[in-house]
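As C-alpha cells, the structure follows; a few thoughts come after it.
The values are calculated or read from the model by the stated rules, or taken from the named source; none is laboratory data. Computed from a prediction, not measured in an experiment: that's the story for all the values here. No Cβ is skipped: glycine too gets one built from the backbone with ideal geometry, and neighbour counts run over all protein chains shown. Surface accessibility is based on the protein's heavy atoms, side chains included, excluding ligands, DNA and RNA. Shrake-Rupley method; radii C 1.70, N 1.55, O 1.52, S 1.80 Å.
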Amino acid sequence: MSKDIVQIFDTTLRDGEQVPGCKLDTTQKLVIAERLETMGVDIIEAGFPISSPGDFKSVNEIAKLVKNATVCGLTRAVKKDIEVAAEALKPAVRPRIHTGIGTSESHIKHKFNSNKDAIIERAVAAVSHAKNFVDDVEFYAEDAGRTDNAFLAQVCEAVIKAGATVLNIPDTTGYCLPSEYGEKIKYLKENVKGIEKAILSCHCHNDLGLATANSIAGAINGARQIECTINGIGERAGNTSLEEVVMVMRQHPTLNIDTNIDSRLLYSTSQMVSQKMGMIVQPNKAIVGSNAFAHSSGIHQDGVIKNRETYEIINPEDVGVNESSIVLTARSGRAALAYRAKKVGYELTKLQLDEVYQEFLKYADSKKEVIDTDIHEIITSSKVNIESIA
C-alpha cells in the first residue's frame, strides 16, 4: 500500500526563536533555512514579518533563497500584519501567509473581549484579505485544543469558504490528551463541509510532554501537515519535535504515513541549531540526544554487542549518527570491557578479561565514566602479562 505523505512545516525560525536567549540574526537564519530545505522540509515558517524590521528582513531574504520549500510568514488577523507579510514574501517561489485568531472561550472572552460571531467574522476577513496577495493561505485557530468542536467546525467551514488552503488546529497550551486531539481532528474531517479543499495541520505544544504523541494522533486521524521544530524548541516547554515525528512514522510502516525528510541529516541539523541558538540538547533527548544511542548498563551492552536490535529500534546511521556508544561505567559488564579494550588494541582472553575486569571495577567505582586512556592504565595496573595481549 502506498503511503500518504504528511507535510513537515518547520517553525524553528519563528516559534523556536521565541525562546528567551535564542535570537538569531539574518545570516544564521539563512544557514538554517538552507539546511531545512536540503533536509526535505516542505514548509519553512521564516518569521513574523510585522514584529520587527529584523524579522521582516529575515523573511524577505529567506524568500529569496529558498526555491523548493514553501516559505511562510505569520500574521495576526490584522490587515496591516497581512500586508507586511505579503510584502516580505514577494520574492518567494511558493509563498504562504499564516493568519488566524483565538477560538477558545478563554481567548474570546479574556483576550478579545468578543463573541463567537465576531471571531468568525474576523477570521473570514483575515483569510479573504490574505487571498488578495497569495493563493496559499493557512488559518490557525489559536487554542483549538480547548475550543468546542462544534464551534471549531463552524470556524473551519467559514475560512475554507473564504479560501483557506490549510487549517492549523493548535493545541496551544499543550493540554490535550492524544485521544482527545485525535478525536478533534477526526471530528473536523467528518463534520466540516468542504474539508476536502484544505489540509488539516497539527501544531502541538509540549507542556505535558505530549506534543509528539498528539501530532501523531492527529496524523492517524487525517491531518496531513505537522508543525514542528528542530530539537522541539519553542515557547515554554517547546513544540513538537521534528526528528521525533519523522522517526515515529518511519519506524511504524503500518501507519501508512511518511514524510519527505532525509533522516540522515537529523543529527547534524540538531547540532547546527543547538550551536547557533546556544540551546543545549538534553542528553536523553529522543533521536538526537548524546545518549540516544549510548549504552552503559551491562545487560544492555551485552545485548547490543551481540545484536544491535536487542535494545535499539533505530539504526543510528539512519539519523546521521556513526555508531552506537558503549559507555564504560561501574554498571558495565565484561562484554562491554572486552569490546572497548579491543577497540583500543587489546584482544583479551577469557582469563585475562576476568583479571582485568576486577581492576576495571576499582576505576569505575571512582569515576563517572571510564575512557579509552583509562583502559590502558587499567591493563597496565592489572596482573595480566601485557606481553601476552596482542
Checklist entry - With each pseudo-label sitting 7 Å past Cα toward Cβ, what's the Ala237-Gln275 distance in nm, one decimal? => result 3.1
Checklist entry - If you build a Gaussian network model of the chain, linking Cα atoms that sit under 10 Å apart, which residue out of Val273, Val344, Val248 swings the most? => result Val344
Checklist entry - Once the convex hull of the C-alpha atoms of segment 256-322 is built, how many Å³ does it hold per residue, rounded to a whole number? => result 106
Item to check | Bridge type composition, the chain - antiparallel percent by DSSP, nearest 5 | outcome: 5
Checklist entry - Among Phe139, Phe151, Phe48, which one moves the most in a GNM of the chain with springs linking Cα atoms closer than 10 Å? => result Phe151
Checklist entry - 222 nm [θ] for the chain, helices only, -39500 (n - 2.57) per DSSP H run of 4+, per residue, to 500? => result -12500 deg cm²/dmol
Checklist outcome for this item: Diffing segment 8-23: the Karplus 3J(HN,Hα) column from phi (6.51, -1.76, 1.60, θ = phi - 60°), in whole Hz with x for Gly and Pro, holds 9, 9, 9, 10, 4, 7, 10, 5, x, 7, 6, 5, x, x, 9, 5
Next on the checklist: For segment 129-224, what does the accessible surface come to per residue with a 1.4 Å probe? Please give it in Å².
Outcome noted: 38
Checklist outcome for this item: For Lys3, the aspartates and glutamates lying under 20 Å Cα to Cα, once residues fewer than eight places off in the same chain are dropped, come out as Asp42, Glu196, Glu227, Glu243, Glu244, Asp258, Asp262, Asp318
Item to check | segment 174-214-segment 1-57 distance, computed between alpha-carbon centres (Å) | outcome: 22
Checklist outcome for this item: Expected max-MSF residue from Ile226, Ile379, Ile101 in the GNM of the chain (alpha carbon, under 10 Å) is Ile379
Item to check | segment 135-264, Rg to Rh (Cα coordinates; Rh as Kirkwood inverse mean 1/r) | outcome: 0.95
Checklist entry - Check Leu328: other-chain or 5+ apart residues with amide H under 5 Å from its amide H, H built from backbone geometry? => result Val370
Checklist entry - Rounded to the nearest 0.05, what FRET efficiency do Thr254 and Gln18 have when you use their Cβ-Cβ distance and R0 = 35 Å? => result 0.45
Checklist entry - How much of the accessible area of the chain, probe 1.4 Å, is carbon plus sulfur, in whole percent? => result 50
Checklist outcome for this item: Cα-Cα longer than 30 Å, checked against Lys23/Lys285; Lys285/Lys350; Lys189/Lys285, kept in input order, equals Lys285/Lys350; Lys189/Lys285
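Which of the pairs Lys109/Lys276; Lys29/Lys342; Lys79/Lys197; Lys57/Lys131; Lys109/Lys193 have their Cα atoms more than 32 Å apart in this structure?
Details: Lys109/Lys276 39 Å; Lys29/Lys342 44 Å; Lys79/Lys197 24 Å; Lys57/Lys131 22 Å; Lys109/Lys193 27 Å.
The pairs that break the limit, which is 32 Å between Cα atoms, are Lys109/Lys276; Lys29/Lys342.
Order the peptides 27-36, 332-341 from the highest to the lowest mean number of other Cβ atoms within 10 Å of their residues.
Details: 27-36: 19.4, 332-341: 21.0.
So the order, starting with the most tightly packed, is 332-341, 27-36.
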